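**Student:** Have a look at the structure that comes next, please.
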Amino acid sequence: MYGQLYRRLLLPVFDRVIKRRHTLGYWADIERSQWWSHEQLEAHQLEAVRNLLAQTARNCPYYREEWQQRGLNSSHLQSLADLTAWPLIDRSTIREHRQRMRSTVATQLLTKATGGSSGEPLEFDFNSDSNDRRTAQMFRGYSWAGGAPGTKQLFIWGGALTTVPRWKRWKMALHHRLDRHLVLNCFEFTPERMRQGFDRLNRYRPEVIVAYTNPLYEFARFLDEHGLRPVAPRSIIIGAEKLHGFQRDLIQNVFRAPVFETYGSREFMLIGAECERHAGLHLSMENLLVEILDDDGTPTPAGQEGNVVITDLFNYGMPFVRYVNGDRAIAGFDVCSCGRGLPLLKQVTGRRLDSLTTPDGRTIPGEFFPHLLKDFPAIRRIQVVQRDPAVITLKLVAPSLTNDDRLLMLDAIHACTGFAVTIELDLVDDIPLTKVGKLKVVVREVDGPSLMANRKSSPIC
Ligand SMILES: [Zn+2]
């Protein structure tokens, strides 16, 4: 009842009348276009890319100069594949050239920053129209999981409430009340807080839980170990952190609800989301052009892992044209049996720097370490740090770890890393989350290979 009232009255009044946004119109558009054929969607992308390149070359000094030097002109773009001639950019490009990447004719740019635990945040800009479009993508993607605006949602993630002024906190609280959102702050996930979180969850009875992977996984393990049975929501939407199969299984068992994975970032909001078939992540294709490239910059063959490269088709304010976002994903864009024309991204495998190298030349995928959580139940939280090529330190929150566990764990790790690297186990009381409430599983502070030729690899947060 409230959901209907919210969608039909409150949201339209807020969006169209008060904020003068076009979110709902864009949402209606993409509800239709998701059923277009793949060819229709690609034709839409090609036209959007041409417009973007033409406007960007006209209005953004940085891009104009870079492209002119290479003799690139948007009128040469005959197909989406031709875009591979355009140069890549990354975080370091934005750090160095942000002012000159902005459109000289744009008014009222919005600014955001990506969070980070080790490096400084990255600031970037976007125009409000592109913001409306990305919000619409989020509405659609969350709707696939039963989490349309107006549904009763419990959020389990971070929010730096202490640094927010009081008036803003009140405003946020009011918004949460109207939006029917309850937020559990994952910074505070001590056992007592988790117990309280369980009580609040059961009192609130959300239709949908929206969460970061690691806090929700920790919460699910806590409930499981203590025999606490939460009320079952209709579904669970997971984002912001890699979701492993064993995490999905436990979360689904504990909450007795299907998990819908999403993939997004501060720069673009929702990049992909699962539909009811759970066969991969449908890309937000009307807004974003996603490429998966090898380390030499050529498209990665289907089934192999590559670098995620994204072009935002409508951020004319500060265009992101072929932005290497630092994530790795499996290439190959499959068709889903649900009938939507939006291709599926098979799997996001992690951050580019989430792998470690050893002095004898082995590459250890960061993927390896979270699996220790599954095999060693005494570990509550884990972080892997490599500050020296010859030393890997495992920080563990594991008060009940036995000596046998330690020996077995070292054996398992050495079997993967070899013996050219020393493994240190560092038992700690806590591993702080990043400013935005994520767990940084791998902290790598030694240099690795970079996709961006002639550029230093940029610190990834
Ligand atoms: Zn589907």
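The values are calculated or read from the model by the stated rules, or taken from the named source; none is laboratory data. Nothing here was measured: the structure is a model prediction, and the numbers come from that model. Positions of Cβ are generated from backbone atoms using ideal geometry, with glycine treated the same way; all protein chains shown enter the neighbour counts. We work out accessible area using only protein heavy atoms, side chains counted, and drop any ligands, DNA or RNA first. Shrake-Rupley method; radii C 1.70, N 1.55, O 1.52, S 1.80 Å.
**Student:** Return the long-range amide H neighbours of ASP327 (sequence gap of 5 or more, or a different chain), with a cut-off of under 5 Å between placed amide H atoms.
**Tutor:** VAL308, ARG352
**Student:** Checking the a/c ratio against 1.5 first, then a/b against b/c, what shape does the Cα gyration tensor give for region 355-440?
**Tutor:** It comes out oblate by the Cα gyration axes.
**Student:** Under 5 Å between amide H atoms, partner at least 5 residues away or on a different chain: which partners does LEU356 have, H built in plane at 1.01 Å?
**Tutor:** Distant-sequence amide H within range of LEU356: ILE364, GLY366.
**Student:** Is there a quick way to get the dipole size of region 264-418? I mean about its Cα centre, with the Cβ of Lys and Arg at +1 and of Asp and Glu at -1; what is the value in debye to the nearest 20?
**Tutor:** 420
**Student:** Can you tell which of ALA412, LEU53, VAL428 lies farthest toward the positive end of the dipole of the chain, using +1 and -1 charges on the Cβ of basic and acidic side chains (Lys, Arg; Asp, Glu)?
**Tutor:** My answer, from the dipole projection, is LEU53.
**Student:** Count charges around ASP82 for me, please; just the other residues with Cβ under 14 Å from its Cβ, Lys/Arg as +1, Asp/Glu as -1.
**Tutor:** 0
**Student:** Which value in deg cm²/dmol, rounded to the nearest 500, describes the helix-derived mean residue ellipticity at 222 nm for the chain, given -39,500 (n - 2.57) per DSSP H run of n ≥ 4 and division by the residue count?
**Tutor:** -10000 deg cm²/dmol
**Student:** So, one more: Report ARG381's accessible area, 1.4 Å probe, all protein chains in place, as a number in Å² to the nearest 10.
**Tutor:** Roll a 1.4 Å probe over it and ARG381 shows about 30 Å².
**Student:** Would you kindly compute the Cα radius of gyration of region 255-316 and its largest Cα-Cα separation (Dmax), both in Å?
**Tutor:** 13.6, 44
**Student:** For a label point 7 angstrom out from the Cα of ARG205 toward its Cβ, which stretches of region 1-31 have the backbone nitrogen within less than 20 Å?
**Tutor:** The answer is 1-6, whose backbone nitrogens lie closer than 20 Å to the label point.
**Student:** How high is the FRET efficiency between THR107 and THR298 when r is their beta carbon distance and R₀ equals 41 Å, given to the nearest 0.05?
**Tutor:** 0.60
**Student:** With respect to the cross-link table entries LYS242/LYS395; LYS19/LYS440; LYS242/LYS374; LYS19/LYS112; LYS112/LYS440, which display a Cα-Cα separation exceeding 24 Å?
**Tutor:** Check vs 24 Å cut-off fails for LYS19/LYS440.
**Student:** What full-extension length gain, to one decimal in nm, is calculated for ALA390 and ALA232 as 0.36 nm per residue of separation minus the Cα-Cα distance?
**Tutor:** That works out to 52.2 nm of additional length.
**Student:** Note down the nm distance, to one decimal, between modelled labels 7 Å out along Cα→Cβ at MET1 and at TRP35.
**Tutor:** For the pair MET1/TRP35, the computed spacing is 3.1 nm.
**Student:** Further question on the same structure: What FRET efficiency would be calculated for the residue pair PHE333, ILE431, taking the C-beta separation as r and a Förster radius of 35 Å, to the nearest 0.05?
**Tutor:** Efficiency, from the Cβ-Cβ distance: 0.45.
**Student:** Related question: Once the other residues with Cβ under 10 Å from the Cβ of THR417 are scored (Lys, Arg +1; Asp, Glu -1), what is the net sum?
**Tutor:** Counting the neighbours of THR417, the net charge comes to 0.
**Student:** A follow-up question, please. So how much slack lies between ASN253 and ARG406, counting 0.36 nm per residue of separation and subtracting their Cα-Cα distance, in nm?
**Tutor:** 52.2 nm
**Student:** What is the projected area of the convex hull of the Cα atoms of the chain, averaged over all directions, in nm²?
**Tutor:** Result: 22.4 nm².
**Student:** Still on this structure, please answer the following. In whole Hz, with x marking every Gly and Pro, tabulate ³J(HN,Hα) for region 332-343 from phi via Karplus 6.51 cos²θ - 1.76 cosθ + 1.60, θ = phi - 60°.
**Tutor:** x, 9, 7, 9, 9, 6, 6, x, 5, x, 6, x
**Student:** Can I ask one more? Using a 10 Å cut-off on Cβ atoms, rank the peptides 208-221, 123-136 from the highest mean neighbour count down.
**Tutor:** Per-residue Cβ counts within 10 Å, averaged per peptide and sorted highest first, yield 208-221, 123-136.
**Student:** Now, a different point. As an exercise, use a Förster radius of 30 Å and the Cβ-Cβ distance of ARG362 and LEU80 to find the FRET efficiency, rounded to the nearest 0.05.
**Tutor:** 0.25
**Student:** VAL210's amide H: which non-local residues (gap 5+, or another chain) put their own amide H closer than 5 Å, with H modeled 1.01 Å from N in plane and none for Pro or chain starts?
**Tutor:** LEU154, PHE155, ILE156, ILE237
**Student:** Extension gain ALA420-LYS171, at 0.36 nm per residue separation less the Cα-Cα distance, in nm?
**Tutor:** Contour length minus Cα-Cα distance gives 84.1 nm.
**Student:** Given +1 on the Cβ of Lys and Arg, -1 on the Cβ of Asp and Glu, and no further charges, what dipole in debye does the chain carry about its Cα centre, rounded to the nearest 20?
**Tutor:** Charge dipole of the chain: 2140 debye, to the nearest 20.
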